[in-house]
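Structure first, then comments.
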Amino acid sequence: MRRLLWKEWQERRLWIALWVATGAALTALGKGQGVCNIAWMDSNWGMLIPLAALLAGLGGFGSELHRGRAAFLYSRAVTWKQILGAKLLLGLAAIIVSVIASAAAGRLLLPAEYHQLITPHSLLSGALVMAGFTAGAYLLGLAFSTVLPGVAGGLLVAVGWMAFISLLPLSGIKEPVFSIILTLLAPLAAGLLIARFGVTLHAMARLRRFALVALAGLAAGVLLDFTPYAAELYKKLNAPGNTPAEERFYNVNFSPDARYASAERLFGNTTIPCLVRLSDGWFSFTDEDFSGESYWLANNLLLTNKRGFTSEGKSARPELLLRQWHGDELQTYKIDHSGNLSNEYTALSPDSRYLLLWGYDELKLIDLATGQARTLAQADRIKLRILSRRNPGKQYGFRQCWWQSNDEIGYLDPYTGERVLAPLSALDSLD
Amino acid sequence: MDVVKRLLWKETSQAWPWYLLSALAAVAAIPWMLPERMTGWQGQVRDYPWMLVSLAMTVRGALLAAERGRQSYAAAHFSIHPERMPAFAFGLNLLGVLLMGLAAGAWFAINRDPMLLAPIVFFFVIAFLIGYVIAAVFGKSYAGIVAGMPWLLFFYQQFILHLRTPDSTNVDLFYSAFEQVLMYSGPLACGLLAVLFLLLSRRLPMIVRRGGMALFLVLGLASSFIIGNLNSGGFSFNHDYYAIISQRLASSDGTRVVRFVFEEQPKPYYTLQFTDYRGQREARQRVTAPYLLLGFDGPDSVLLIGQRRGEGRMRVARWRMAENRLEPVFSFRIRRGAMHAGLNDSRVRLISLRPDGRYAALQFSSLLGEYTADLWLLDLKNRRARMVLVGESAASLAWRENALIAGTPLPKQVSLTTGKVSPFPIILREVEP
């Protein structure tokens, strides 16, 4: 056994070194699934360490399949179990070393503020996750390596297999359970069968047997997924409480006092925007996209810049939606505008009765009790553009408005930038 | 002609599995690419076929290069000059890759965006060349694959960025077209230099040739990052200046506004401007370090946080309008460049000041993972800061009496006294209001 281990080490030490170095380097960089990296799922780097483990595994039986070396090996006093055991032991050692290297790299090279993350619990859970993923990849690599000689041969089988399973979504399965499990288990079983019975066979015979077992497993998984039992199992596995993903939200935008929120809730593969009153969980679905276009103002006012398309595919008339909670009651007001109002430029009157909204060429006042909007001032766009061209460094248009008191507003003149004060009663609606 | 036919047959019989599998992977990728961008694991899975196509191309190039010895052996059986044999094989395989890239690119050009045709073809060819160039130097296919991984990943990341953005011309607003070309061509140019080095140095010991090759490869990869980081500003590039982002902080009634004003004379710089429109007062401070506006903590004072790139501390400062002076409040230890990180991705950057000015929360991009952030809680009264959430990204921050609420996909609340994090469940109930 010792000699077999020595043989494995001699043949694959470069791949093992790559595996360990990748784990340590990525942890030090904070990418991928290091033992103290909890965010690796969102990262494209997350596949690198399993990839290194896969490559190490792909070299597993590669050397035995060259020019009858397997036959020679079996002529010695060794069993197939010992050969396989040596390969598995080397993988186990590599997993342990890479986890230790990753933890050491994290402790030594990550900035000090992250050191608090490295606790016995995080080390254990991080190590288990990392070990699980790399062990899976290594075992799959080992299974693929039983088919064609060399690392490149194993890689070819792996590429073919992965290209094939990427067609799985075309089968129309909506709730995959068995097909996913058997996608991983079938090549492992095929690899094990070849390691036991077929390493000395011709390459094409091995390829046929591997394809037969692996594809039969996959087909069984697909067929099982169409049974009602699979649907039941899928529901059980995805029941609330079992998977926190069910409760996930995106773009959760809390009101400043965290009494209300706009959020996009994940339903299957789609997100649906909704408004939530957090005290009792009452919610209302909406048709707006809240991402980046929704702002909470003081007094739990939610201002949403709604952009949409007409049935002809043209841009719809811009619309601002103002929502306000009066106790338990949600009120929604629609504000038409010329297109230059944004939810960033607002001013709430000191008595919270009115809201001023302004954009490049428009100044609007909204009565929050009735939702009535009226245009207080408008600037001539053409004149503003001519002025901008004449004086390129200067800014024109409504740039700032404010409340001088409850009854008086102030704004900077859109053409001259001079300060203008105007009592509300003196301003007529231009609508 | 007969020789060419036989050579063609030889190359085809050697290379067909690669092209077949690569074509299969490319075709398999199409259903994934056509629907709107998907969330979660399906979005990730969708990337794999492309990774596999490029990997297959790299491996094919590597094998071809590593087989050069066998090519010369084969040349003995064909009536062709031995030196032309590798060139023929290389040219034929390159043509195959090019055709496959065109075929795959045409699919996407028809279905999504004509602008995608060029990057797809470019990507296929580059993947093949990378494998070939590296293996040609190392003389072994597996070494070529290993050494080619970082290159492949670099191109893969750039390429996926192109594909994921429908308007492919709008990918990287931060870089000019020239800078983007530099970023792409740097690694390629260094790869070609490495081949030249190999060709010119056949009499040098193998260790020198491999060392020289490795050096060129590292330089090639580094060149892209250096150009990306320097933004063509040369080595005197002022990171602090470019980390200043335009911000505007206004009181709810619009009377007080703090904003950054860009000024061009005597040279480009920023001025922090505090205007009280009601009282007709104004204060200005020239800014040389990046600051973020935390919020108003009094009628005429505003809190800011700032960090110079080389500093391992973040400074909290108060700007009083009356004295027009930035006074330090306290500073805390944080990694260097935390303020500058994720400059292109400001989505993760969030700041919030509790209305009473007692606590503040900052969210910066995290060193752990991509598109993730770390959340810091600042106790301004006791002058203390602690990192409370790591590797998560909140879309909003809010305050309750004793807790900070973070709008992460699984919302969380952070105790203001202990810093302990617990879930903040949102339970939806369909009840009438």
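Bear in mind that the values in this text are calculations on the coordinates, not laboratory data. The structure presented is a predicted model; accordingly, all values stated were derived computationally and were not measured. Cβ coordinates were reconstructed from backbone atoms using ideal geometry, including for glycine residues, and neighbour counts include every protein chain displayed.
Would you pull out the residues with amide H under 5 Å of residue A:361's amide H, same chain only if 5 or more places away, H placed 1.01 Å from N?
HN-HN under 5 Å from residue A:361: A:398.
Could you pull out every one of the lysines with an alpha carbon less than 26 Å from that of residue A:87, ignoring same-chain neighbours closer than 8 positions?
Candidates past the 8-residue exclusion: A:7, B:140.
Please give, to one decimal in nm, the separation of the simple spin-label points placed at residue B:288 and residue A:317, each 7 Å out from Cα toward the Cβ.
According to this spin-label approximation, the distance is 5.4 nm.
Residues of B:421-427, mean number of Cβ from any other protein chain within 10 Å of their own Cβ, rounded to a whole number?
Going residue by residue through B:421-427 and averaging, the value is 4.
Which of rounded, prolate or oblate describes segment A:35-160 when judged by the alpha-carbon gyration tensor and an a/c cut-off of 1.5?
prolate
Can you tell me the orientation of helix A:203-225 relative to chain A, as the angle in degrees between its alpha-carbon axis and the longest Cα principal axis, to the nearest 10?
That works out to roughly 50 degrees.
Based on the mean of other beta carbon atoms within 10 Å per residue, what is the order of B:326-334, A:206-214, A:388-396, most packed first?
Ranking the peptides B:326-334, A:206-214, A:388-396 by packing returns A:206-214, B:326-334, A:388-396.
Read phi for every residue in segment A:7-14 and hand back ³J(HN,Hα) as whole Hz from Karplus 6.51 cos²θ - 1.76 cosθ + 1.60, θ = phi - 60°, with x for Gly and Pro.
Residue by residue, segment A:7-14 yields 4, 4, 4, 4, 6, 10, 5, 5 Hz.
Using only the alpha-carbon atoms, how far is helix A:120-144 inclined from the longest principal axis of chain A? Give it as 0 to 90 degrees, nearest 10.
Compared with the principal axis, the helix lies near 60 degrees.
Which whole number gives the average count of other chain Cβ atoms within 10 Å of the Cβ atoms across peptide A:150-160? Kindly include the intermediate steps, with their values, before the conclusion.
On the way: counts 3, 5, 9, 0, 0, 7, 7, 1, 2, 13, 7.
If you average over the peptide's residues, the count of other-chain Cβ atoms is 5.
Calculate one ³J(HN,Hα) per residue across segment B:258-264 by plugging θ = phi - 60° into the Karplus curve 6.51 cos²θ - 1.76 cosθ + 1.60, and present them in order as whole Hz with x for glycine and proline.
10, 8, 8, 10, 7, 10, 9
Filter the cross-link list A:364/A:394; B:381/B:412; A:306/A:364; A:81/A:236; A:235/B:420 down to pairs whose alpha-carbon distance in this structure exceeds 28 Å.
From A:364/A:394; B:381/B:412; A:306/A:364; A:81/A:236; A:235/B:420, over 28 Å: A:81/A:236; A:235/B:420.
Whose amide H sits under 5 Å from the amide H of residue B:373, counting only residues 5 or more places off or on another chain, with H placed in the peptide plane?
For residue B:373, whose amide H was placed from the backbone, the distant partners under 5 Å are B:366, B:391, B:392, B:393.
5 Å is the cut-off here: which amide hydrogens, built 1.01 Å from N in the peptide plane, fall below it relative to residue A:282, excluding neighbours closer than 5 in sequence?
Amide H to amide H, under 5 Å and 5 or more residues apart or across chains, residue A:282 pairs with A:277, B:429.
When a/c is below 1.5 the answer is rounded, else prolate if a/b is larger than b/c, else oblate, so apply that to chain A with a ≥ b ≥ c taken from the square roots of the Cα gyration tensor eigenvalues.
On the way: a/c = 3.10, a/b = 2.62, b/c = 1.18.
Prolate, since a/c reaches 1.5 and a/b exceeds b/c.
To the nearest whole number, what is the average tally of beta carbon atoms from other chains within 10 Å of the beta carbons of peptide B:397-410?
Taking all residues of B:397-410 together, the mean is 5.
What's the angle, to the nearest 10 degrees (0 to 90), between helix A:80-109's Cα axis and the longest principal axis of chain A?
40
When the Karplus curve 6.51 cos²θ - 1.76 cosθ + 1.60 is applied with θ = phi - 60°, which whole-Hz ³J(HN,Hα) does each residue of segment B:271-285 get, with x for Gly and Pro?
10, 8, 10, 10, 10, 10, 6, 5, x, 6, 10, 8, 9, 9, 9
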